[in-house]
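S.K.: Pasting a structure below so you can have a look.
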Amino acid sequence: MRAYVPNYRVVSPSDLSDALSLLEREPGVWKPFAGGTDLMVLLEAGKLAHRNYLNIWNLSELRGIDVTDSHVTLGALTTYTQIQAHSVLKAEFPMLCQAASETGGLAIQNRGTVGGNIVNASPAADSPPALLAYDAELQLASTSATRWIPYEGFHTGYKQMLLRPDELLQSVRLPRSAANRLHHYRKVGTRKAQAISKICFAGTATFNQTTIADVRIVFGSVAPIPLRCSRTEDVLRGQTLGAQTTELAQQTLATEIAPIDDIRSTKAYRLKVSLNLLEDFLSRISLRA
């Protein structure tokens, strides 16, 4: 059953300062939205509980992709389509571009934003595993200050995060790194297009000859938050890839993730596929190294 539209109120601030002032004056009253790709689904289903919305789609301060020698910074309103089209992102952050290409269809990619994907705080979101694997940082803005925090640790529980009621996510910053980094991203869903992930995987690795120098392993849909598997990373660093190393990494991963049964999949399926995805990642990077 559809919601009754006149029950909802939407305001459109003129600029970022105007938006932050409103959030400060009435904390918790106004919920920001941009592309609205998730919000509209709830509205159509008559399940959109919050009533007052802050339309930030037209705020120029939240747009643009800036490239320096050390970082690439994406405004929170950067769309999936813009991510896929950017030459530096395609060359240096291919997992983020792949995640953008596998998020919904073209209409969603034209409206959905990287900032929205983060603050919607779904553990099944497509871009957070890639962002975590790339050591992303978040810029959070309020009327009193702007602060940068690591993306890792931003999600504190299901739909919970380190974002105060008076703050907006302004931008996402990615550190540029050496060209020898290997990347691997996989999304497992019911079908290839327009499906919410059953499991999402992002991994990067660098090698010192045949030894793993550094590694990042991140899963989505296996915990209440997008999960960086630091203990699994620790058992891989300094190791030479092979059957014994892979088995030890899989054993560690099985203790680190916490998949559940839900409408999309089962705990047993998610655990089995997660172990297979890790094995596939290690096999692929071994060949490429």
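S.K.: Only one of (1) modelled with pLDDT of 95 or more; (2) crowded, with 22+ Cβ neighbours inside 10 Å; (3) touching a helix residue (DSSP H, G or I) at 6+ places or on another chain (Cβ under 6 Å) is not met by Thr143, so which one is it?
M.R.: Among (1) modelled with pLDDT of 95 or more; (2) crowded, with 22+ Cβ neighbours inside 10 Å; (3) touching a helix residue (DSSP H, G or I) at 6+ places or on another chain (Cβ under 6 Å), Thr143 violates only (2).
S.K.: Can you tell me which residue among Leu275, Leu287, Leu227, Leu271 is out of contact with any strand residue (DSSP E or B) (no Cβ under 8 Å at 6 or more places or on another chain) and either among the polar types (S, T, N, Q) or closer than 21 Å to Ala195 by Cβ (or both)?
M.R.: Among Leu275, Leu287, Leu227, Leu271, only Leu271 is out of contact with any strand residue (DSSP E or B) (no Cβ under 8 Å at 6 or more places or on another chain) and either among the polar types (S, T, N, Q) or closer than 21 Å to Ala195 by Cβ (or both).
S.K.: So which residues in the stretch 50-71 are assigned to a loop (DSSP other than H, G, I, E, B) and either touching a Pro at 6+ places or on another chain (Cβ under 6 Å) or acidic (Asp, Glu) (or both), if there are any at all?
M.R.: Once the filter is applied, which keeps residues that are assigned to a loop (DSSP other than H, G, I, E, B) and either touching a Pro at 6+ places or on another chain (Cβ under 6 Å) or acidic (Asp, Glu) (or both), the stretch 50-71 yields Ile56, Asp69.
S.K.: From the set of residues in the stretch 254-268 that are closer than 18 Å to Lys187 by Cα and crowded, with 16+ Cβ neighbours inside 10 Å, which is modelled with the highest pLDDT?
M.R.: Filtering first and then ranking leaves Ile257.
S.K.: Sort through Ala100, Ala121 and tell me the only one that's among the aliphatic types (A, V, I, L, M), on the phi > 0 side of the Ramachandran plot and under 11 Å from the mean Cα position of the chain (by Cα).
M.R.: Ala121
S.K.: For the stretch 154-203, give me each residue that is among the β-branched types (Val, Ile, Thr) and either surrounded by 23 or more Cβ atoms within 10 Å (Cβ to Cβ) or closer than 21 Å to Gly105 by Cα (or both).
M.R.: Within the stretch 154-203, Val172, Val188, Thr190, Ile196, Ile199 qualify.
S.K.: Also: Going residue by residue through the stretch 49-62, is there one that turns out to be at pLDDT 95 or above, closer than 19 Å to Leu131 by Cβ and surrounded by 19 or more Cβ atoms within 10 Å (Cβ to Cβ)?
M.R.: Checked the stretch 49-62: at least one residue is at pLDDT 95 or above, closer than 19 Å to Leu131 by Cβ and surrounded by 19 or more Cβ atoms within 10 Å (Cβ to Cβ).
S.K.: Are any of the residues in the stretch 95-109 over 30 Å from Ala179 (Cβ atoms) and buried (at least 24 other Cβ atoms within 10 Å of the Cβ)?
M.R.: no
To keep it simple, each residue is scored yes or no on (1) touching a strand residue (DSSP E or B) at 6+ places or on another chain (Cβ under 7 Å); (2) more than 23 Å from Ile149 (Cα to Cα); (3) outside any helix (DSSP H, G or I); (4) not assigned by TED's automatic domain parsing to the domain that holds Gly203.
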site	(1), (2), (3), (4)
Ser17	no, no, no, yes
Leu20	yes, no, no, yes
Glu24	no, no, no, yes
Thr37	no, yes, yes, yes
Leu48	no, yes, yes, yes
Thr73	yes, no, yes, yes
Ala91	no, yes, no, yes
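The values are calculated or read from the model by the stated rules, or taken from the named source; none is laboratory data. Bear in mind that the values here come from a model prediction, so they are computed numbers and not experimental data. For neighbour counting, all protein chains shown are included, and Cβ atoms are generated from backbone atoms with ideal geometry for every residue, glycine included.
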